[in-house]
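Here the structure is laid out as structure tokens; the discussion comes afterwards.
No lab work stands behind these numbers, since they all come straight from the coordinates. Predicted model only: the values in this text are computed from it and were never measured. Ideal geometry is used to build each Cβ from the backbone, glycine not excepted, and the neighbour counts take in all protein chains shown.
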Amino acid sequence: MPEPNTGCSLWTGATTRGYGSVRRHGRALYAHRVAYELFVGPIPDGMHVLHHCDTPPCVNPEHLFLGTDADNIQDMDRKGRRVTRKGELHPRARLTEDDVRTIRSRVAAGETKASLSREHGVDETTVGRIVCRKNWAHVHDEANREAEA
């Protein structure tokens, strides 16, 4: 039964990351993908099933459409759902902004990237990318802060 305000048919069973989840042929599948296959047709390899309604538990076939990886990213951006966390806010960050400033200043003072990578528990390539500002580009050292002020 569609929800009267949105027309969404909301999945009421198990969920995974907010999406309906169902077991089919011994495999866990997203319910919206199963709904698409049952009511619309096969999903070509590599294609996503996206939601016009932007409601993850919705299984209304009229709200579903196929898209590529690029379509999925554009859809997320258009709807403001893609959250990019950088620096310390990234869930896998091992360094702080102070660590990054320290690494840059110590490499500039002559310390090796290898010794700093061991000290901070990151790969030497990571230290190199920090120093050349490919990683943590948003972090400015004190000299940059004064120049920007």
(message) If each residue of separation counts as 0.36 nm, what is the full-extension length gain between L29 and R118 once their alpha-carbon separation is subtracted?
(response) 27.8 nm
(request) Quick one: which residues, 5+ away or cross-chain, put their amide H under 5 Å from the amide H of G20? H built at 1.01 Å from N. (result) A31, H32
(request) Could you work out how far apart the two model spin labels at E142 and E111 are, taking each label as a point 7 Å from the Cα in the direction of the beta carbon, and quote it in nm? (result) 1.5
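Which values, in whole Å and largest first, are the semi-axes of the equivalent ellipsoid of the chain obtained as the square root of 5 times each eigenvalue of the Cα gyration tensor?
Values: eigenvalues 438, 62, 35 Å².
Semi-axes (√(5λ), whole Å): 47, 18, 13.
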(request) Assuming a ≥ b ≥ c are the square roots of the Cα gyration tensor eigenvalues, decide whether segment 87-148 counts as rounded (a/c under 1.5), prolate (otherwise, with a/b larger than b/c) or oblate. (result) oblate
(message) Which of the three applies to segment 68-116, rounded, prolate or oblate, going by the alpha-carbon gyration tensor with a ≥ b ≥ c and a/c under 1.5 meaning rounded?
(response) prolate
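Can you sort H138, H25, H120 so the residue with the fewest Cβ neighbours within 10 Å comes first?
Working: H138 10, H25 5, H120 18.
Sorted ascending by nearby Cβ count, the order is H25, H138, H120.
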(request) Could you list the trypsin sites (Lys or Arg not before Pro) in segment 71-124 that lie in coil according to DSSP, counting only those with at most 14 other Cβ atoms within 10 Å of their Cβ? (result) K79, R81, R82, R85, K86, R92, R94
(message) As I understand it, the value is the acute angle between the Cα axis of helix 69-78 and the longest principal axis of the Cα atoms of the chain; what does it come to in degrees, rounded to 10?
(response) 80
(message) Show me, for segment 35-41, the HN-Hα J-couplings you get by feeding each phi into the Karplus relation (A = 6.51, B = -1.76, C = 1.60, θ = phi - 60°), rounded to Hz, glycine and proline as x.
(response) 4, 4, 4, 5, 9, 10, x
(message) Quick check: net charge around D123, other residues with Cβ under 12 Å of its Cβ, Lys/Arg +1 and Asp/Glu -1?
(response) +3
(request) Evaluate the relative contact order of segment 14-63 (contact order divided by residue number), counting alpha-carbon pairs under 8 angstrom at least 6 apart; express in whole percent. (result) 36
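Give me M47, M76 sorted ascending by neighbouring Cβ count inside 10 Å, so fewest comes first. List each step's numbers first, then the result.
Details: M47 17, M76 14.
The most exposed by this proxy come first: M76, M47.
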(message) Using Cα-Cα distances under 8 Å and only pairs 6 or more residues apart, what relative contact order does segment 87-148 have, in percent?
(response) 29
